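In what follows, a single structure is set out as structure tokens and then discussed.
Readers should treat all values here as calculations from the given coordinates under stated rules, not as data from a laboratory. For clarity, every value in this text was computed on a predicted model and none was experimentally measured. Note that we place each Cβ from the backbone using ideal geometry, even for glycine, and neighbour counts take in every protein chain shown.
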Amino acid sequence: MNHPPQLGESLFVQIEATGATRPHLWSLGGCGFAIKYFDIVFYADPLLHPASASRVRHADMVLATHAAPAHMHGETLRAILDASPKAKLVLPKSTAETAFALGVPYHRMTTTDSGLRVEYFKNGMYARIYAVPSANPELDATPLGGYPYLGYLIRCGDTTIYHAGACRTYETLADRLRPYNVTVAILPVAGEANFSVEDAADLAASIGAHWLVPMHPQGPEDPAFLNHMLFHRPQQRFKIFQPGEGWAIPALDQEP
């Protein structure tokens, strides 16, 4: 597991201060992203140094895609939930015991599974979180536990952000995602258990995603990703983040 990045105070001040009338994304490094819409703030798969996590005093929900430490990191979760006393952890229902063992009380959890949604309302605005199965490397569903690996579709106004967590392509994934009209697809593209660059680009095209964001690129100018996208997928928009970088997701009528 990579060491948790220590991000500066200025990042969390920026997240808190941003008006976000358009949905905004910030990379936290690794699989971690912050998502803000008006004053609703979600953190997806955060893995932070404790000093950084303790600065997150504005979280509404923290999303964990599965129980692996890089996605459900005990120190990070405890620090964020302590600093944001109204926040809850959204997680696959089969991982609740693991989260409890990491120090997250059950009353701070909201469990979910494939086909379910979580709605969050705040100051007259709302966001929805839909869950879809991820294959890591298989789906591994059980009748009682459901799917242990999930991806989340975060719907904010006219924008849908898909965070796949740890996932590789599987036969029905595109069919599951297509009805949500994905705007931004955040997909893991490193390692044998994740998408190849080609598979990530195929999925983005198949579901009509307006933007593809790779997780785990090999540096900010990953030649394998860039070469494939520029030479083989010139019509597909993409965004490569550096840790701490923020981005206002363009409205559809403002895209280049």
> Taking Rh as the Kirkwood radius computed over C-alpha pairs, what is the Stokes-Einstein D of the range 1-147 at 20 °C in a medium of viscosity 1.002 mPa s, expressed in µm² per second?
Replying inline: 138 µm²/s
>> Around Leu203, under 13 Å between beta carbons, what's the net of Lys plus Arg minus Asp minus Glu among the other residues?
In response: -1
> Nearest-5 percent of antiparallel DSSP beta bridges in the range 44-173?
Replying inline: 70 percent
>> Looking at the calculated P(r) for the range 83-229, what percent of the C-alpha pair distances fall above 21 Å?
In response: 48 percent
>> Just to be sure I understand the model, the point goes 7 Å from the Cα along the line to the Cβ. What's the resulting Thr172 to Leu252 distance in nm?
In response: 2.7 nm
> If you place +1 on the Cβ of every Lys and Arg, -1 on the Cβ of every Asp and Glu, and leave all else neutral, what size is the dipole of the range 19-248 about its Cα centre, to the nearest 20 Debye?
Replying inline: 840 debye
>> I want to verify a result. In a Gaussian network model of the chain, Cα cutoff 10 Å, which of these has the top mean-square fluctuation: Phe231, Phe195, Phe42?
In response: Phe231
> For the chain, with equal point scatterers placed on the C-alpha atoms only and solvent neglected, what are the log10 I(q)/I(0) values from the Debye formula at q = 0.09, 0.13, 0.16 1/Å, to two decimals?
Replying inline: -0.35, -0.76, -1.22
> From the square roots a ≥ b ≥ c of the eigenvalues of the alpha-carbon gyration tensor of the range 1-77, which class results: rounded (a/c under 1.5), prolate (a/b over b/c), or oblate?
Replying inline: prolate
> How large is the dipole of the range 114-256 about the Cα centre if only Lys and Arg carry +1 and Asp and Glu carry -1, each at its Cβ, rounded to the nearest 20 debye?
Replying inline: 460 debye
>> Tell me the volume per residue, in Å³, of the convex hull enclosing the alpha carbons of the range 92-174.
In response: 112 Å³
>> At 0.36 nm per residue, and after removing the present C-alpha to C-alpha distance, how many nm does the segment from Leu116 to Glu192 gain when stretched out fully?
In response: 24.5 nm
